[in-house]
1. Filter region 64-78 down to residues that are assigned to a helix (DSSP H, G or I) and open to solvent by less than 80 Å² (accessible area, probe 1.4 Å) and give me whichever is modelled with the lowest pLDDT.
2. Of everything in region 46-55, what is in contact with a helix residue (DSSP H, G or I) (Cβ under 8 Å, 6 or more places away or on another chain) and open to solvent by 80 Å² or more (accessible area, probe 1.4 Å)? Give them in sequence order.
3. Tally up the residues in region 85-116 that are open to solvent by 20 Å² or more (accessible area, probe 1.4 Å) and under 14 Å from Thr167 (Cβ atoms), please.
4. Please state which of the following conditions Ala212 fails to meet, knowing it meets all the rest: (1) of a type in the set (A, V, I, L, M); (2) in a helix (DSSP H, G or I); (3) open to solvent by 50 Å² or more (accessible area, probe 1.4 Å); (4) modelled with pLDDT of 90 or more.
5. Failed condition for Phe89, given (1) at pLDDT 75 or above; (2) at negative phi, with all others met?
6. Could you list, in sequence order, the residues of region 241-273 that are modelled with pLDDT of 90 or more and small (Gly, Ala, Ser)?
7. Looking at region 22-45, I want the residues that are over 29 Å from Ile67 (Cα atoms) and open to solvent by less than 100 Å² (accessible area, probe 1.4 Å) and have a partner that is part of a helix (DSSP H, G or I) and of a type in the set (Lys, Arg) with Cβ atoms under 8 Å, at least 6 apart or on another chain. Which pairs are those?
8. Just one of Ile247, Ile186, Ile200 is over 28 Å from Arg122 (Cα atoms) and in a strand (DSSP E or B); which is it?
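The values are calculated or read from the model by the stated rules, or taken from the named source; none is laboratory data. Quick caveat: nothing in here was measured; it's all calculated off a predicted structure. Here the Cβ is made from the backbone with ideal geometry for all residues, glycine too, and neighbour counts use every protein chain on show. Accessible surface areas use protein heavy atoms only, side chains included; no ligands, DNA or RNA. Shrake-Rupley method; radii C 1.70, N 1.55, O 1.52, S 1.80 Å.
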Amino acid sequence: MWDLIADNASVEGKLVTTLVIVLAAVVVGVLAGRVAAHRVTDRYHKYYARKVVHYVVAVPALVGIGIVWRPFAGQLGLVLGLMTAGLAFAMSEVIGALAGWFNIVSGSIYKVGDRVQVGGVRGDVIDITPLRTKVMEIGSDTGEATWVRGRVYTGRIVAVSNKMTFTEPVFNYSASFEFLWDEVAIPVAYRDDWQQAAQIMREEAVRVSTAAEAEEAIADMVHRYPVARTEVEPRVFVNATDNYVEISARLVVPVRTSRRMKDEFTRRVLERFTAAGIAVASPTQDLTVRPARSEHLDPSERV
């Protein structure tokens, strides 16, 4: 075995040496990754520590394998030609993805655990590699691409090329401010007490809103970015339409519990509407039915 490892002239010796390098890299990578992760307490830092260690171990292993197989059986020109052809075929996508990865890491666009929308996919980032980002997809209230109508997991893991960070906007819902301004609109008929309905919606919005926590988060964000303070207290707006009075409640909720809090708010409002005798309206149309003119009726049917 040692003779084969030391013999880099024969194919058998090169294969054995390559196998030894691969096994050594795997063992060193696993052990070093565990040691690096053990020294870090934050779970996200542990993840990145293991990733960095694996990349650091893989680079010298690849260099060593390249040194072992450096002659390429005297066909270096052929190998370079094939490599050039392959790079020419996939250069744009791969280099774009690598540049996107550098953009993500250096620009702090998002990290593992953030809730984002990238490449048309919305969800939580679960992995970032030099070529692609993996996202645990969530549904949407308006999108047609998913069957889940709400910001909850669909169960799909979507891989998005890092190149998308250059070609499409990236929305980060939790990087510096983990809250959303959500809005719930409920139509009320003109014949009902819309002022009482607006008061009910305002009281329930105040009850479920997390305005105090959002105010603290905005104060922290102001120290990092030159942004102005904004209003986070719940507000109720009234809009008159042709069919009903539309009452909209605007409130601040956490990113990951927005659907649950919206559900709680809506249930409470509908219960109080029912108790107060206020009905939820819908588009209506008035029809006027006119009887036929008497001259067209049979004489026996005339009144």
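1. It comes out as Gly74.
2. Arg50, Val52, His54
3. Number of matching residues: 6.
4. For Ala212, the exception is condition (4).
5. Every listed condition holds for Phe89 apart from (1).
6. Ser248, Ala249
7. Pairs found: Ala37/Lys46; Ala37/Arg50; Val40/Lys46.
8. Testing whether each residue is over 28 Å from Arg122 (Cα atoms) and in a strand (DSSP E or B) leaves just Ile247.
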